[in-house]
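Heads up: the structure comes next, in structure tokens.
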Amino acid sequence: MASAPLLAGCGEDEQANTATSSVVRVRINGEAREITVDNRTSLLDMLRERAGLTGTKKGCDQGACGACTILLNGQRINSCLTLAVMHDGAEITTIEGLERNGRLHPLQQAFIDEDAFQCGYCTAGQIMSGVGCIREGHTGSPAEIREWMSGNICRCGAYTNIVTAVAHATPNA
Amino acid sequence: MYPFRFSKADDERSALSAATSGARYIAGGTTLIDLMRETVERPDALVDITALPYRDIDLQPSRLRIGALVRMSELAAHPGVREQFPVIAQALELSASAQIRNMASIGGNLMQRPRCLYFRDVSASCNRRSPGTGCAAIAGRNRTHAILGTSDACVATHPSDLAVALVALDALVITRDHNGESRIRISDFFLQPGSTPDQEHSLGHGALITAVEVPVVPESRRSGYLKVRDRESFEFAIAAAAVALNVVAGTVRAARVAVGGVATVPWRLPPVEQALIGRTASADLWREAASHSADGAKPLKENGFKVELIKRTVERQLATVAGLP
């Protein structure tokens, strides 16, 4: 592995379960996947670069912005701050897995209805975090939504409409 | 990030064996992975301990036992903890973000490494990261650094909020190694930097944290955590106070006060507690007692404001907790 690039984690691996790579079996949006990853690969990089699911975004890559938020076994987490290799057997939901039979999730629809984004880069993370926030029961007031959504940064400043979208989607989600 | 070997421990024995062979434990990973990416941490091997049986929250009449792998969000949401230890629930919910609280473990929270920018920048001098190279913070940008418990070698603050609450409550850290179980008073667990800032805690090499125990005391019910930050949410403390009071017929019978964001370790304040006990609760008493909050402080060039700020933080939280029903 002496020749391994320092910023590895995105390339194709030569073989399974070497000293520094492993096979990960996960269900992503209901579909069983088996992916060989360098042990350094974050769950985020596995989703984007190996599973081809680029809806989940990489913002800061250090857990500060929330753009990479996904649901891991039903709970919202930062996929950049965890290793893919730690999640053999896990159930993962990304933004691509929210729609049902061609219908958007109520929170996706609420983001459109409330104009809750501008550039859109943080939006997938905002929506996944919002789904988690609603499930956790922390959408009782705008102040509560702001506090419990504080792990998601929007540099366009669409916060007002994001809070409204989460509040409006809560009874339907 | 440098390459590493990865294994998953099925039980304590396999975890301890892996650590004996040089592997680092990983649970939530929210600190370690971040620091590995910055190459501050460079383990050759990781052993995932998340399958170990340390996931229970057990509340008994005399004590609360928290498994080391309990997530921050789970502990904060526990109804018994919210009722009997509000200071713990509040410290947790004022920490990090909802996503990180769903990932980070209680044991890992205690093992967090400093947020000092020089510690996290491998091109900077840092005695904690690279012993003997000096401390860039002492003469550098140190607005967020410590005023208490500092040394010529290191002035980084301890980042945990939970640990401040646990120090106030005299918690025990339960550990396990090849020789069996140890119970460490949390005030002995965290080490001030002195001349060896790379030694952050008294955990033996390769030992596991299995649980944290917190004694139930009358004042733990009347407790709370105040955190002062540069922004309202998802930020580390500039100053913070954990307070628990037992006030009977207007007289303070017991007082527990610890502060965060201003010291190199979670910092108990015996002078403040002693100034409170046996005295009549009043706004004047809170101010007088809180005036001892920065005793022994050594402010740096940019953080002198913390001397007054920590006094006011403690005063306000004493008044808040005393006023609870």
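Descriptive notes on the structure:
- Helix A:159-169 vs. chain A, principal-axis angle (Cα, 0 to 90°, nearest 10): 80
- With one equal scatterer per alpha carbon and no solvent term, the Debye-computed log10 I(q)/I(0) for the stretch B:219-322 at 0.16 1/Å reads -0.63.
- For residues of A:36-42, the mean tally of beta carbons on other chains within 10 Å: 4
- Sequence-distant aspartates and glutamates (8 or more away, or on other chains) whose Cα lies within less than 18 Å of residue A:58: A:45, A:49, A:96, B:34, B:38
- Of the peptides B:171-184, B:23-36, the ranking by mean beta-carbon count within 10 Å, highest at the top, reads B:23-36, B:171-184.
- DSSP bridge pairs, chain B: antiparallel proportion in percent, nearest 5: 85
- Counting only Cα atoms, the stretch A:21-97 measures 28, 25, 20 Å along its principal axes, largest extent leading.
- Average projected area [Cα convex hull, the stretch B:85-204], square nanometres: 8.8
- Sum of -39500 (n - 2.57) over DSSP H runs of 4+, divided by residues of the protein assembly as shown (222 nm, nearest 500): -7000 deg cm²/dmol
- Normalised by the number of residues in the stretch A:21-97, the average gap of Cα pairs under 8 Å and 6 or more apart makes the relative contact order 40 percent.
- Each label point was placed 7 Å from the Cα along the Cα-to-Cβ direction; for residue B:312 and residue B:277 their separation is 3.0 nm.
- For the stretch A:30-47, Karplus couplings with θ = phi - 60° (6.51, -1.76, 1.60), whole Hz, Gly/Pro x: x, 9, 6, 10, 10, 10, 8, 10, 4, 4, 6, 5, 6, 4, 4, 5, 5, 5
- Across chain A, the fraction of Cα-Cα pairs farther apart than 25 Å, rounded to a whole number, is 34%.
- For residue B:306, the lysines whose Cα comes closer than 23 Å to its Cα, not counting residues fewer than 8 places off in the same chain, are B:227, B:298.
- In nm, spacing of pseudo-spin labels at residue B:178 and residue B:229 (7 Å Cα→C-beta vector): 4.3
- Simple Cβ-charge dipole of chain B, Lys/Arg +1 and Asp/Glu -1, about Cα centre, in debye nearest 20: 460
- Kirkwood analysis of the Cα pair distances in the protein assembly as shown returns a hydrodynamic radius of 23.7 Å.
- Three semi-axes of the equivalent ellipsoid, the stretch B:1-158, Cα gyration tensor, whole Å, largest first: 30, 23, 13
- Here the Kirkwood formula puts the hydrodynamic radius of the stretch A:106-169 at 11.2 Å, using every distinct Cα pair.
- Ratio Rg/Rh [Cα only; Rh per Kirkwood] for chain B: 0.97
- Net charge dipole size for the protein assembly as shown [Lys, Arg +1 and Asp, Glu -1 on Cβ; Debye, nearest 20]: 920
No lab work stands behind these numbers, since they all come straight from the coordinates. Bear in mind the structure is a predicted one, so any value in this text is a computation, not a measurement. Glycine gets a Cβ as well: all are built from the backbone with ideal geometry, and neighbour counts include every protein chain shown.
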